[in-house]
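Worksheet: the structure to be examined is printed underneath.
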Amino acid sequence: MPRYHPLAELAPRDIVARAIDAEMKRLGHSHVLLDLSPIGAREIARRFPNIVKRTKELGHDPTKEPLPVVPAAHYQCGGVVSDLAGRTALPRLFAVGEVACTGLHGANRLASNSLLEAVVVARNAAEAVLATVQGASAPPPVPAWDARGTRRPREAVGKSAAWDAVRRLMWDYVGIVRTDERLLKAARRLALIREEIEADYAHAVLDADLIELRNLAQVAALIVRCAQERLESRGLHYNLDHLKRRAAFRHDTVLRRPVPGARRAATPGPAKRGR
């Protein structure tokens, strides 16, 4: 750690996380080792009783040996754009919590922001929903699901393989530290994976796993595209090819599905908004 920051392991957590990621990539290792021995066994047990208990359950004793550690995956910063009452651009569609992008968490999602969105925005949304449905007409009946022309898949290995591929690809190429090359590789591979998923989605009998896999791959593709359009490093978006913050990107990155048949206007420079 002294190579990355004068405070070594006591450096800000984003610097520590990037340092761990850099060493893992440089050495090809699945983890690094955290040595707590300078603290002393007695002090470790006193200050971190829950960590000691849990790591021992996993077969490690931090009072006697270094612990294998990796950076933790964090919640995404972004989601469906909504106001502070959960309203979205689609009438009567509300988004609350981790799925929503209210703007409260800025470039980094922190615990206090999550609490604010879970408690305050959720209450606002509940009141807005009640006000919306009062006196509203009943929704039209939904026709029964028509499964004609679909078939049950012979095996489930395709779904599990695609699931693992998306998870691994996002961790390796779109994780804590990014580069233009990694993002391009991620976009290409995700396109192939999504093509296979869409084929299954069109012809297979739907189940929760297939629907969730499709959503997972779609969100992954959106994250990659947003990262490709932000040619700077800001907050948790850190790109080795664009290390400096740029004033032109001091806004959100919002992706919108184009209206069918509409002519796409030229938009030079960065995307207008996004997370």
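Counting only Cα atoms, I'd like the Rg/Rh figure for region 80-224, Kirkwood definition for Rh.
1.05
What spacing in nm lies between the two simple spin-label points modelled at Arg46 and Ala118, each 7 Å away from Cα in the Cβ direction?
3.2 nm
If I model a spin label at Val157 and His203 as a point 7 Å from the Cα along the Cα→Cβ vector, what separation in nanometres do I get?
1.8 nm
Report the gain in length on full extension from Val129 to Lys56: 0.36 nm times residue separation, minus Cα-Cα distance, nm rounded to one decimal.
Stretched out fully, the Val129 to Lys56 stretch lengthens by 21.6 nm.
If a/c stays under 1.5 just call it rounded; otherwise compare a/b with b/c (prolate if a/b is bigger, oblate if not). Do that for region 3-60, with a ≥ b ≥ c from the square roots of the Cα gyration tensor eigenvalues. Walk me through the intermediate numbers first.
Details: a/c = 2.57, a/b = 1.52, b/c = 1.70.
In terms of gyration-tensor shape, oblate.
If the cut-off is a Cα-Cα distance under 26 Å, which lysines reach Lys25, setting aside same-chain residues fewer than 8 apart in sequence?
Candidates past the 8-residue exclusion: Lys185, Lys244.
If packing is taken as the average number of other Cβ atoms within 10 Å across a peptide's residues, how do 174-184, 39-49 rank, most packed first?
Going by the mean number of other Cβ atoms within 10 Å, highest first, we get 174-184, 39-49.
When the chain is treated as a GNM, springs tying every alpha-carbon pair under 10 Å, which of Ala136, Ala128, Ala204 comes out with the largest mean-square fluctuation?
So, out of Ala136, Ala128, Ala204, the one fluctuating most is Ala136.
Please compute one quarter of the surface area of the Cα convex hull for region 64-160 and express it in square nanometres.
12.7 nm²
Give the accessible surface of region 36-139 per residue, rounded to a whole number of Å², with probe radius 1.4 Å and ligands, DNA and RNA excluded.
Details: 6810 Å² over 104 residues.
That works out to 65 Å² for each residue.
Given the chain, what percent of its DSSP beta bridges are antiparallel, to the nearest 5?
60 percent
Principal axis lengths of region 1-103 from Cα atoms, whole Å, largest first?
59, 31, 25
Which percent of the accessible area of region 127-240 is formed by carbon and sulfur heavy atoms (probe 1.4 angstrom)?
57 percent
In square nanometres, what is one fourth of the surface area of the convex hull spanned by the alpha carbons of the chain?
Working: hull surface 83.1 nm².
That works out to 20.8 nm², a quarter of the Cα hull's surface.
Considering only DSSP states other than H, G, I, E and B, which trypsin sites (Lys or Arg not before Pro) in region 115-158 qualify as loop sites with at most 11 other Cβ atoms within 10 Å?
Listed in order of number, the matching sites are Arg148, Arg154.
For region 1-126, what % of the accessible area comes from carbon and sulfur atoms, probe 1.4 Å? Provide the component values of the computation, followed by the final result.
Values: 5040 of 8280 Å².
Of all accessible area on region 1-126, carbon and sulfur atoms account for 61 percent.
May I ask you to list, by number, the DSSP H helices of the chain whose Cα span along the axis is at least 30 Å and whose average Kyte-Doolittle hydropathy reaches 1.6 or more?
None clear 30 Å together with a mean of 1.6.
Which cross-chain or sequence-distant (5 or more) residues have an amide H under 5 Å from the amide H of Ala204, H modelled 1.01 Å from N in plane?
The answer is Arg151.
The values are calculated or read from the model by the stated rules, or taken from the named source; none is laboratory data. Keep in mind that what you see is a predicted model, and the values were worked out from it rather than measured. Quick reminder, even Gly has a Cβ in these numbers, built from the backbone with ideal geometry, and neighbours come from all protein chains shown. Heads up: the accessible areas ignore ligands, DNA and RNA and are worked out on the full protein's heavy atoms, side chains in. Shrake-Rupley method; radii C 1.70, N 1.55, O 1.52, S 1.80 Å.
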